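The values are calculated or read from the model by the stated rules, or taken from the named source; none is laboratory data. Everything numeric here is computed off the predicted structure, so don't read it as measured data. Positions of Cβ are generated from backbone atoms using ideal geometry, with glycine treated the same way; all protein chains shown enter the neighbour counts.
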Amino acid sequence: MVTDNIEAVLEEFKRFGVHLGLERIKRLLAALGSPQDQFPIIHVAGTNGKGSVCTYLSSVLTEAGYKVGRYTSPHLIDWTERICINNVAIAPSDLEQVLLEVKAAVDPDFETPTQFEIVTAAAWLYFAQQQVDIGVIEVGLGGRLDATNVCDRPLVSIITSIGLDHWQRLGLTLAAIAGEKAGILKPACPAVIGQLPPEAAKVVLNRLNMQNCPSVWIEPSRRLEGEWVRFAAHHLVNAEGRLQPPQPLIYRLGMQGDVQLINSATAIAALQILQQKGWAISEAAIQKGIQKAQWTGRIQWLDWKRDRILIDGAHNGEAARALRQYVDTLKPPITWVMGMLSTKDHKGVFQTLLRSRDTLHLVPVPDHSTAPPEDLAQLAQEICPDLAECAIFEDVFPALDAAQETGNQVVLCGSLYLLGYFLKSYNDRFFRETFVL
């Protein structure tokens, strides 16, 4: 449970909003003794897949015996999820203490840091204090001007994917967004690049060449018989003998959906680069770590009342395509329970997910800039006029109750913040049923 003091400290900086730039975070970290320079990192950017790749990396490196800091965003339920060591979230008391240390280092004579910069500085400081062996650091927004982009020599830089998301801040085209994400690439530092649209790939390749970065370009692993998949060799660019070709590996996935074929392959390629740098990571550690990895709210099955429901963020077009690919393996029709933020691509998500005879239950996303369910209902019926039903609910829980009455497979999606709201109640209910007599 996050303490009131944590919320009070973070609320104090919330009013400064999203303000990209590195000057404030660099000044703050310098006042804290430059903790970002006290341990090596893997830096992970991308439109989708960042969280899964960070989870795979953290899981494998933990399995290999290292002390691993992992910083991700956003959280689903509370702030402690963002800062983990060996896959265990920071204790609320420790988060409170480190946030107070960061707050005390803020110079009142200069521009005030944003809330994200405060939390990011807290992560750097905590990992340095705990003397982690390595940090797995997820970009918050974009890359070039993101508060995590303060290390000159990452062990590996990763760009998982590039799509049209956060275009209001990153640019209206894939090329513009790619330019921002490619800003994490550092001179001569190896990079792992996921599957990118041609327009984005061209920008990233130019940046790699300009920075003289050896790189591995990833193809998805391939399914074999049963639960096994195969990671194979990939394309090397500008290697100049500094990178060895990726080595084949047979392994099993712990997370659902074909999207994990590319996410796991991306992580394995990065891990093999670490092996080449002398890190002691066995094949068995990679296999065990990949299979153990779990990332909440991404194509995840949960027991809810009398049925099993599927939950997934699916907060943009690319994430919706990954969910749709998995849902196509299920029995139709589907009952969707959805809420979306006002800034998202509502049309693209509906076009990707909805099918004839599906049922759609629309809800607001609490405590965030939600798209009005009434507007979403009108758009959904224009896009898919053959819906069996399109209904509006004031909250996700009556929507789920009604969804279970349809007899269809229920899928809750559309916003990570909506999932967080649901999961907080879900976890509270589990605690009561498990521990309260």
Next on the checklist: If I ask for residues that are at pLDDT 95 or above and in contact with a strand residue (DSSP E or B) (Cβ under 9 Å, 6 or more places away or on another chain), which ones from region 141-152 would you list?
Outcome noted: 146, 148, 149
Checklist entry - Hey, among the residues in region 312-332 that are touching a Leu at 6+ places or on another chain (Cβ under 9 Å), over 16 Å from residue 47 (Cβ atoms) and not β-branched (Val, Ile, Thr), which one's surrounded by the fewest Cβ atoms within 10 Å (Cβ to Cβ)? => result 330
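Search region 84-137 for residues being acidic (Asp, Glu) and within 15 Å of residue 31 (Cα to Cα), and hand back the single one that is surrounded by the most Cβ atoms within 10 Å (Cβ to Cβ).
Step one: of region 84-137, the residues acidic (Asp, Glu) are 94, 96, 101, 107, 109, 111, 117, 133.
Going one step further and asking which of them are within 15 Å of residue 31 (Cα to Cα), we end up with 101, 107, 109, 111, 117.
Numbers: 101: 15, 107: 13, 109: 5, 111: 12, 117: 27.
So the residue we want is 117.
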Checklist entry - Consider residue 137 against the criteria (1) without any contact (Cβ under 8 Å) to a residue 60 or more places away in the chain; (2) within 30 Å of residue 343 (Cα to Cα): it satisfies all of them except one. Which criterion is unmet? => result (1)
Checklist entry - Is it the case that some residue within region 16-23 is in contact with a helix residue (DSSP H, G or I) (Cβ under 6 Å, 6 or more places away or on another chain) and either in contact (Cβ under 8 Å) with a residue 12 or more places away in the chain or over 24 Å from residue 104 (Cα atoms) (or both)? => result no
Checklist entry - Within region 24-38, which residues are free of Cβ contacts under 8 Å to residues at least 60 places away in the same chain and either surrounded by 17 or more Cβ atoms within 10 Å (Cβ to Cβ) or of a type in the set (A, V, I, L, M, F, W, C) (or both)? => result 30
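Across region 288-321, which residue is modelled with the highest pLDDT among those that are small (Gly, Ala, Ser) and in a loop (DSSP other than H, G, I, E, B)?
First, the residues of region 288-321 that are small (Gly, Ala, Ser): 289, 293, 297, 313-314, 317, 319-320.
Narrowing further to those that are in a loop (DSSP other than H, G, I, E, B): 293, 297, 313-314.
Details: 293: 97, 297: 91, 313: 91, 314: 90.
Filtering first and then ranking leaves 293.
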Next on the checklist: Need pairs with beta-carbon distance below 6 Å; first residue assigned by TED's automatic domain parsing to the domain that holds residue 418 and within region 375-395, second part of a loop (DSSP other than H, G, I, E, B); sequence gap 6+ or separate chains.
Outcome noted: 384/354; 386/356; 387/358; 388/357; 393/363
